[in-house]
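Here the structure comes first, spelled out in C-alpha cells, and everything after it is commentary.
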Amino acid sequence: MVLALFNRTRHASAEPPAVEPWPETGETWMPEGVTVIERHWNQAMSAIVLVYSADASSYHHVVACLGCHFSAVQDPDSAYSSGLKLTDANRIATQHATGCRALSRAIPDRPDDDSARDQLRKWALTWQRRADKVQIMVSNFDRHRLALQRSNQWIEAELQQLAVDRPDVFAVQRSEYDHTTFYYYVLSAPES
C-alpha cells in the first residue's frame, strides 16, 4: 500500500487553472483629471493612500485614502499653508497609512456627466459664504477629484455654464491682468 502512494503518476494539466482577477483597489488606478504621484500603504496591506495633483504644474498636492474618507489639502502642522508641497504630502500620507486600519474599498465608479454636473453644482452653490461675494477657484475642487473624475477643462466649462444658468447666485469674471484666467464667485442670494 505504501508503494502505491509513491508510485502514482502525475498527470499535469495542459492549461494552468483559471485565475480570477483581483478587484482594483488602487495599486494602478489613474482617475481622469489627476496625476497620481505616490501610493502609500502599511505592511498589513490596508487601504492605499494616494498623493495626487490636479494641475499640470504639480505645485499643490492632495492626500486621499481609498479605505476611509481621509483627505488633506493643507498641512495641519503648518500655521500658514497655501497648499501641500510634495514632501509634506508624502509625510502626511505615510503617517496616515501607518495608522489607518481601513480595508480598501472598491474604486469609485466614474459618474455619468449628469451626476457629476449635479454634484459640482451642489458643491459650488453651497460654498461657505463669509461675504457677499466669495471667490472659488478650480483648485478648490481638488479634494473632490476622486469622486468627480473629471479634468480641469470640464470643471471650468461646467462652472461657466452654471454662471449662465444661475446668474443670480453665480458669476464669472476674467482677470484684469491675464485674460485667460477666470475667477468664479458665489453671490449672496438677494434678500426678499
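Since every read-out is calculated from the coordinates, none of them should be taken as a lab result. None of the values given here were measured: they were computed from a predicted structure. Reconstructed Cβ throughout: ideal geometry from the backbone, glycine too, with neighbour counts over all protein chains shown.
Computed from label points 7 Å out along Cα-Cβ, the spacing between LEU125 and LEU187 is 1.5 nm. Within the stretch 137-153, what residues put their amide N at less than 18 Å from the label point 7 Å along the Cα-to-Cβ vector of THR28? What the label zone holds, given the 18 Å backbone N cut-off, is no residue at all. Computed from phi, the 3J(HN,Hα) profile of the stretch 31-41 under the Karplus parametrisation 6.51, -1.76, 1.60 (θ = phi - 60°) reads x, 5, x, 9, 10, 7, 9, 9, 10, 10, 7 Hz, with x in place of Gly and Pro.
Each Lys and Arg Cβ is given +1 and each Asp and Glu Cβ -1; about its Cα centre, the stretch 113-187 then shows a dipole of about 300 debye.
Once backbone amide H atoms are built at 1.01 Å from N, ILE136 has TYR184, TYR185, VAL186 as its partners under 5 Å, excluding neighbours fewer than 5 places away on the same chain. The label point for LYS85 and the one for ASP113, both projected 7 Å from the Cα toward the Cβ, are 4.1 nm apart.
Computed from the alpha carbon atoms alone, the convex hull of the stretch 73-187 holds 151 Å³ per residue.
A simple spin-label model places the labels of CYS68 and ALA106 2.3 nm from each other, with each point 7 Å out along Cα-to-Cβ. Scattering from the stretch 35-99 was approximated by placing one identical point on each alpha carbon and applying the Debye formula without solvent; log10 I(q)/I(0) at 0.17, 0.19, 0.21 1/Å stands at -0.52, -0.64, -0.77.
In order along the stretch 90-105, the Karplus-derived 3J(HN,Hα) couplings, from 6.51 cos²θ - 1.76 cosθ + 1.60 at θ = phi - 60°, round to 5, 5, 5, 5, 5, 4, 5, 4, 5, x, 6, 10, 6, 7, 5, 8 Hz, and Gly and Pro are given as x.
Relative contact order of the stretch 113-187, please, whole-number percent, based on alpha carbon pairs below 8 angstrom and at least 6 residues apart. RCO, the stretch 113-187: 37 percent.
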